[in-house]
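Here is the structure we will look at, set down as structure tokens.
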Amino acid sequence: MSAGHRHPIYRPADTPVHRLPPQCKLVAVVAFSVCVVATPRERFWAFAVHALLLAAVAVAARVPAGAIARRMVIEVPFVLFALAIPVIGTGERVQVLGMSLSLPGLWAAWNILAKATLGVVASILLAATTEPRVMLLGAERLRLPRLLVQIATFMLRYLDVILDQMRRMRVARESRGFVARDLRQAPVLAKSAGALFIRAYERGERVHLAMLSRGYTGEMPTIRDISASGRDWGTAAILPCLAAATALLAWSTT
């Protein structure tokens, strides 16, 4: 367990970004996101600077632009929501490509898209340079409740197991001629969900008993040292400090 559970988004490499302790990267990403949110939406150049800062981090971490673009699919619901705001918004209207759009809605859409995109890219870079288990250890170092960290650790560890169990149950249903066409098949799917829950619960009980038999006392052993030095904190502070300076300069010119 202490070795971590590698997620497909993680890209192993030996770079300065990868070598930073996870707690430093977590604080840096949160601080950067706060600076991005605090940036005035009217200052387009400031968002360009934020994007360049993330591009520099991506280059330093050797994370390809294509990998980032593929992971940004998660942002599609926010994009659709933002694109709908100018159409349904109220207030002053302007003509854009023959369409009457709300001017306040356009500003709101830009604000959501710019800040959400930068936040998503920062999170992708964090996940691409930090193993999930190590990231949770970093959260524990930041005084996140230990119980929550352990719950997240087991969820991460056994998520693939549960998904594989769901796949086997689907194959078993389909091998018996089951096809979910309409709501009439809902009872079968509900029974499958109930069976999956019971199996997951029983598996959790067996794992807990196995851990107790091996001396578990409420704290997971940590093999890897993730302590952070002053130099590590200083390196991680470069990104949020530059972002904060950009945001302050943007406000000073409003």
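Using a 1.4 Å probe and counting only protein heavy atoms, arrange Tyr10, Tyr216 so the residue with the most accessible area comes first. Numbers along the way, then the final one.
Details: Tyr10 30, Tyr216 55 Å².
Largest accessible area first, the list is Tyr216, Tyr10.
Figure the gain on full extension for Val30 and Leu249 (residue separation times 0.36 nm, minus the Cα-Cα span) and round it to one decimal in nm. Working shown, then result.
Numbers: separation 219, 0.36 × 219 = 78.84 nm, distance 1.99 nm.
Full extension from Val30 to Leu249 adds 76.8 nm.
Under a point spin-label approximation (7 Å from Cα along Cα-to-Cβ), what is the Ala108-Ser213 distance to one decimal in nm?
Going by the 7 Å Cα→Cβ label model, 5.9 nm.
May I ask which residue of Ala139, Val87, Phe44 lies farthest towards the positive end of the charge dipole of the chain, with charges of +1 (Lys, Arg) and -1 (Asp, Glu) on Cβ and the Cα centre as origin?
Farthest along the dipole direction, towards plus: Ala139.
Run the simple label-point estimate for Phe81 and Arg199 please: 7 Å along Cα→C-beta, distance reported in nm.
3.4
Quickly work out the Val179-to-Leu163 label distance, labels modelled 7 Å from Cα along the C-beta direction, and quote it in nm with one decimal.
2.7
Probe 1.4 Å, all protein chains in place: accessible area of Met99 in Å², nearest 10?
100
For Phe44, tell me the accessible area in Å² from a 1.4 Å probe, rounded to the nearest 10.
In the full protein context, Phe44 sits at about 110 Å².
How much accessible area per residue does the chain have, in Å², with a 1.4 Å probe?
Normalised by residue count, the accessible surface of the chain is 61 Å².
If DNA, RNA and ligands are ignored and the probe is 1.4 Å, what is the ranking of Lys115, Lys191, Lys25 by accessible area, most exposed first?
In descending accessible area the options line up as Lys191, Lys115, Lys25.
Would you list Arg184, Arg70, Arg167 from the most to the least accessible area, probe 1.4 Å?
Most to least solvent-accessible, the answer reads Arg184, Arg70, Arg167.
Roughly speaking, to the nearest percent, how much of the chain's 1.4 Å accessible area is carbon and sulfur?
Carbon plus sulfur share of accessible area: 67 percent.
Please report the accessible area of Arg141 (heavy atoms, 1.4 Å probe, ligands and nucleic acids excluded) in Å², nearest 10.
110
What does region 118-254 give for Rg and for Dmax, in Å, if only its C-alpha atoms count?
Final numbers for Rg and Dmax: 22.7, 68 Å.
Could you let me know the centre-to-centre spacing of region 168-247 and region 120-134, using Cα atoms, in angstrom?
Each part's Cα centre sits 16 Å from the other's.
Just to verify a number: FRET efficiency for Ser227 and Arg146, C-beta to C-beta distance, R0 = 22 Å, to 0.05?
Values: r = 17 Å, r/R0 = 0.78.
Rounded to the nearest 0.05, the efficiency is 0.80.
The values are calculated or read from the model by the stated rules, or taken from the named source; none is laboratory data. Just so you know, these numbers come straight off a predicted model, no measurement behind them. Cβ: placed from backbone, ideal geometry, glycine included. Neighbour counts: every protein chain shown. Areas reflect the complete protein model, heavy atoms only, side chains present, ligands, DNA and RNA absent. Shrake-Rupley method; radii C 1.70, N 1.55, O 1.52, S 1.80 Å.
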